[in-house]
1. Tell me yes or no: at least one residue of segment A:152-170 is touching a residue at least 60 places away in the same chain (Cβ under 8 Å), within 14 Å of chain B (Cβ to nearest Cβ), surrounded by fewer than 23 Cβ atoms within 10 Å (Cβ to Cβ) and part of a helix (DSSP H, G or I).
2. Would you check if there is a residue in segment B:71-82 being away from chain A (no Cβ under 14 Å), basic (Lys, Arg) and either surrounded by 13 or more Cβ atoms within 10 Å (Cβ to Cβ) or in contact with a helix residue (DSSP H, G or I) (Cβ under 7 Å, 6 or more places away or on another chain) (or both)?
3. Of these, B:GLY207, B:GLY190, which one is in contact with a Leu (Cβ under 8 Å, 6 or more places away or on another chain) and free of Cβ contacts under 8 Å to residues at least 60 places away in the same chain?
4. On the given criteria, is A:PHE147 more than 14 Å from the chain's Cα centre (by Cα) and closer than 30 Å to A:PRO372 by Cβ?
5. In the list B:PRO301, B:PRO322, which residue meets the criterion of being under 30 Å from B:LEU467 (Cβ atoms) and part of a loop (DSSP other than H, G, I, E, B)?
6. Kindly provide the set of residues from segment A:115-130 that are free of Cβ contacts under 8 Å to residues at least 40 places away in the same chain and in a helix (DSSP H, G or I), ordered by number.
7. Working carefully through the options B:PRO322, B:PRO315, B:PRO304, find the one that is surrounded by fewer than 22 Cβ atoms within 10 Å (Cβ to Cβ) and not hydrophobic (A, V, I, L, M, F, W, C).
Amino acid sequence: MRIDYKLKDKFDLGLLIPVAILFCIGLLAIYSSTLNNPHASGNFHKQLIWGIGSFIIFFVVYSVPTNTFKTVAVPTYLISLLFLMVVLVIGKRISGQKSWLGLEGLGFQPSELAKLGTVLIMSAFLSRKTTDIDTFKDIFIALAIGFIPVILIMLEPDLGTSFVFFGLILAILFWKGISLFGLFVVLSPALLAVASLFGTLYFIGGLIFVIISLILFKKDIFFSGSILALNLAAGFFTNYVYRALSLHQQTRIRSFINPSADPLGAGYNAIQAKVAIGSGGLLGKGFLAGSQTQLQFIPEQWTDFIYCVIGEEFGFIGTIITLGLFLYLFIRLLRLATSAKDEFLSLTLIGILSIYFIHFIINVGMVIGIMPVIGLPLPFVSYGGSSLLLNMIMLGIAANVYRTRKNYT
Amino acid sequence: MSTDRFASIQRKTIIYFIVIGCFALFGFRLFQMQIIEHESYSEKAANNAIKGIELTPLRGVFYDRNMNVVVSNVPAYTLRITPAEYDTSLNKYLEAVLGEEPGYINKILYGNRLFSKYVPIRIKRGIDFKVVSWLEENEEHLPGVDYIVEMQRGYPAGIRGSHMFGYTKEISPALLEKHKEYYKPGDYIGYSGIEKAYEKFLRGKKGYEYVLVDSRRREIGRFKNGAEDVPSVKGDDLVLTIDSDVQRAAEEALKGFRGAAVAIEPKTGEILALASAPDFDLNEFSYVTSKDYLQKLYNDPDKPFFNRATMAANPPGSTFKPMEAICALNTGTITTATTFTCRGGQDFYGRYFKCDAVHGTLNVIHGIEHSCNVFFYNLIYKIGMTKWDEYAKKFGFGQITHIDIGDESKGFIPTPEYYQKLYGPDWPKSIMASLGIGQGEVNVTPIQLAQYVSLIANDGVTYTPHLVRGYLTTDTKKLVPFSYKKIDLGIDSSVFNIVKEGMFLVVNGSGTAVSIKSKDIQIAGKTGTAQNPHGKNHALFIGFAPFDNPKIAVAVFVENVGFGATYAAPIAKKMIEAYLLKDKIKKENNSKVSDVKDKLIGESLAN
């Protein structure tokens, strides 16, 4: 077999360049939003150092033998579960959540590692020769693998990251080829869960939908009955979980369902974020010149609300360029996942794509007011070391897959 | 085991469309927010971040007619606390230093708890300079405590002018509703006297300063470096017609009495002094009036808030006699050759009316000189009720004078119709005899008397009495005079000369006020004693000086003391001397130095 040693074939600049630009945009926005904040003045430098470190790690991951990823799948998963349990006991509480571990002065979120671990182990499990996606046993095992960390994360409680897990589990199952009925069985409880949050009427509506679908799928009565029971359980369980949620998360969910109910409380950030973006206009107010940003109308803007800084200071041009870079990255990952001939790697890439994508839509959707305020960082852009590091490791995996893609042909 | 659904084109397309769909939705949403609805968001952002702070303009100051500052602006210190930086454990120290009761600070902080913790709250206005130096010394131990300098009214000329100057006060909700276009809650507004009447000149123009505030309303800088700021414009300075020396003389002379004194320059209608006693200390009103002081004033049976100079209507007594003489002379009812004989009293319509003495036969001049009641009993029957009425009103009685500070009483001049209503068509004509000597139902105010004596002094010509000559323009400091209505009775000066001769003799002949005869100034006047059913008589005096060329006309009214000659006339004399012998008095009292100092301080603050 002939191996082409051209850089183009070995290294996908199409993956790294958009990410590098996004990172730089993020640095500018972090600089701008922390300029007037004495409590966050070091964040720009910290992010820069984390950035350099992450790029180095990226190249390390890029260079390791591709089969390493399958090898580390189980240990990564187990270690991340261990961390998740440890964090529940000794974790630092930040804004009502126990999700941080202090590691030599650097904050580290075990749930970041858990995302990667879950992607790897699910992909490994589903790509086994013996796994049959058409059996409920294997679907159940895959779901169990995926949901163990979710339960631990929900106990922190971290709603946003739980959503990311739902997304990645669904994406991997979908990519693996779950049947329409299988998908229905997996999805309908989630649907009912969400419906139950909106109220009894929605819940009953969802239930009717599930029953009609079950009739249409024409499965036997006993089987359909147990699925219906599962759905009902999901609905009631959600209601139970909702009540178990911390108060600030409850109000966030409520304020999304009815944002005008509490404009100065939980709805405040959402309103100020929209004002920041809308007032940016076409060209923006200019770097370091956004009043919403510089006067700190949005708390901790360098993390979850960083897209507002871009929107306010660089305008529509800035937000569209950012969108474009993400779109390019996602399409690139999707193509790579399609072209990867190894099932494990292909599933892993889809998992990585879904992690990025869920972060992206929840984060951007939140600041432009079409998603509830759920704390998730914008990949590569938001301030945050462990998030950036894990995102770069996952990008390294993608680049690695690209490097060795011809080995499998 | 792999199905053919794994990574199928179909599934890839679905993911592809989900991704593209989300991006399209986001792109559209961003376009909507940043391009279509940009304006409304911009406005919201601007409202968020820019706060306009009103700059209170300096109030115009008052000069007297000699350009001495009589009402000025003086700096006063206000203690403030910024709750976010303040530690309430300091309360006890601050309360001790301020001389307030424990709990004072917490009460104010609690009242302001709904405002941003970063906006300083006024704790006490007008704090002592000693407190300020204590704050300076202990600054580092007092986080969140500071003071600012605010302006309050000062009265550097040593005159009180309580009723005339008036005071400013925080605007009431009712007034605010009426004048929303200018005032905001917490603004000060002229509440009485000149402060109220000339509010529009004095208040100036508000300025605005635009500052950037953060999400906690904390000021963090200036908007566009102050390019959009509008400076406040100081109010117009008023030039009063008051002569501080005359005013001071009147206030001092009235001390201990209830009464009023008004002095007018006859040729112009300019009020030289306007005093009412008892009065009150305007300094107590200059920022926050203490409740105790207000309560004391309200509960005082002598009613210090009542401006007796314009509001107290009482019978004029014999001070009305010159008016009747003018009426009789001008209508040709009598001449100087007409005489009446006083035998110590006379019967009219079945009632006996007394005189103070047996004056014998006298004409109008000596009738005034001796204030002979019998002469004027006869006179009023001769001129008749209608003419008496007409002339009383001609001289401004029974109606307001339109003095510029307002708050006047009309007084009362009875008419034949009034008595008909009261007693029927055959009303007892004996009543007229009382009216002839200014007793009974007739009521006049001191300001009306002052206008009346001005008309006599200046032969029937004067101007509406007023306290403000004009205002100084802010830029050029030139006087812009106000115009006042001319009053011309159209009565020949020969008539006035006869009456004035009588009034001259009152002081300089063998009349009722020879006690105030002065070797330096020729004073003419008329005493009056108004009968009062509720106690001692009221003492009155009207007069003018110098006799040849009257420069000052005075009316004095003192409640419940006795004879006009004894109590009212000496007060008038002091005021006349204060005005006409100014330089002589100044030389005598060596107080000039301190006056100059006051004037300088006043001027420097005025500018």
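The values are calculated or read from the model by the stated rules, or taken from the named source; none is laboratory data. Given the structure is predicted, the values throughout are model-derived calculations rather than measurements. Cβ placement follows ideal geometry from the backbone for every residue including glycine, while neighbour counts extend to all protein chains displayed.
1. yes
2. We begin by selecting, within segment B:71-82, every residue away from chain A (no Cβ under 14 Å); these are B:71-82.
Checking the rest, the ones that are also basic (Lys, Arg) come to B:80.
Then keep just the ones that are either surrounded by 13 or more Cβ atoms within 10 Å (Cβ to Cβ) or in contact with a helix residue (DSSP H, G or I) (Cβ under 7 Å, 6 or more places away or on another chain) (or both); that gives B:80.
Yes: one or more hits.
3. On the way: B:GLY207 fails: free of Cβ contacts under 8 Å to residues at least 60 places away in the same chain.
Only one candidate passes the filter, namely B:GLY190.
4. On the way: more than 14 Å from the chain's Cα centre (by Cα): yes; closer than 30 Å to A:PRO372 by Cβ: yes.
Yes; evaluated as a whole, the condition is true for this residue.
5. Values: B:PRO322 fails: part of a loop (DSSP other than H, G, I, E, B).
From the options B:PRO301, B:PRO322, the qualifying one is B:PRO301.
6. So in segment A:115-130, the residues free of Cβ contacts under 8 Å to residues at least 40 places away in the same chain come out as A:125, A:128-130.
Scanning segment A:115-130 gives a single hit, A:PHE125.
7. Details: B:PRO322 fails: surrounded by fewer than 22 Cβ atoms within 10 Å (Cβ to Cβ); B:PRO315 fails: surrounded by fewer than 22 Cβ atoms within 10 Å (Cβ to Cβ).
Matching residue, one of B:PRO322, B:PRO315, B:PRO304: B:PRO304.
Table: residues versus (1) crowded, with 19+ Cβ neighbours inside 10 Å; (2) at pLDDT 95 or above; (3) on the phi > 0 side of the Ramachandran plot.
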| site | (1), (2), (3) |
| --- | --- |
| A:VAL19 | yes, yes, no |
| A:SER33 | yes, no, no |
| A:HIS39 | no, no, no |
| A:VAL60 | no, yes, no |
